[in-house]
1. If packing is taken as the mean number of other Cβ atoms within 10 Å per residue, what is the order of 129-142, 15-28, 146-159, highest first?
2. Which lysines, if any, have their Cα less than 26 Å from the Cα of Lys34, not counting same-chain residues under 8 positions apart?
3. Mind running the shape call on the stretch 40-138? Use the C-alpha gyration tensor, a ≥ b ≥ c as the square roots of the eigenvalues: rounded below 1.5 for a/c, prolate if a/b tops b/c, oblate otherwise.
4. In sequence order, what are the phi-derived ³J(HN,Hα) couplings for the stretch 155-170 according to the Karplus relation 6.51 cos²θ - 1.76 cosθ + 1.60 with θ = phi - 60°, rounded to whole Hz, with x for glycine and proline?
5. Translational D (Stokes-Einstein, µm²/s) of the chain at 37 °C and 0.692 mPa s when Rh comes from the Kirkwood sum over C-alpha pairs?
Amino acid sequence: MGCVLRCVACPPVGGDTMWTNMAKAYADLPDHVKSVIAPLKARHSIEASFGARMSEEQRHALKARFPDAEHPVVRTHPETGEKILFVNGFTTHFTNFHTAENVRFGQDYAPGAAQLLSYLVGRAAIPEYQVRWRWQPNSVAIWDNRSTQHYAVADYAPTVRRMERAGIIGDRPF
């Protein structure tokens, strides 16, 4: 549902965290895109993201521990009722895109779905949907994982950024 992050040690420059409002990213989509994505579900994989740099054995162990999940592309916030775009760097593909409405020929499947997914994931990079937090020792951030995405900016090497994180268990996306 959410997370709490506390800064224990931060670099003198860099190491910020950015959040994106995915409810706003969805709200600003053109109506014809909203209608296409409304029924879609997508696969999310830690193996395809964090596992990409691991050996084959490590990747398989990671996937066994954290199996792929399938979620709606548009989820509804259980408290606010807002529609939220629910795709990110863990999303590998749509699981139900290949329908007569979306695909006329077999070769349409991959490029059509891949281009749409790329477009949707790219919404998180729109600056107007983002906020950037500059950490200081003992500062705390609390966020709703159901309607935001976050990114730790890795621009502080070789210095150290050390955080304490607590996850708040919540609901399954619907």
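1. Top to bottom by mean Cβ count within 10 Å: 15-28, 146-159, 129-142.
2. Those lysines meeting the cut-off are Lys24, Lys83.
3. It is oblate, given that a/c is not under 1.5 and a/b is not larger than b/c.
4. Going residue by residue, I get 10, 10, 4, x, 6, 10, 10, 10, 10, 10, 10, 10, x, 9, 5, x Hz, with x marking Gly and Pro.
5. Working: Rh = 17.9 Å.
It comes out at roughly 183 µm²/s.
Since every read-out is calculated from the coordinates, none of them should be taken as a lab result. Just so you know, these numbers come straight off a predicted model, no measurement behind them. Quick reminder, even Gly has a Cβ in these numbers, built from the backbone with ideal geometry, and neighbours come from all protein chains shown.
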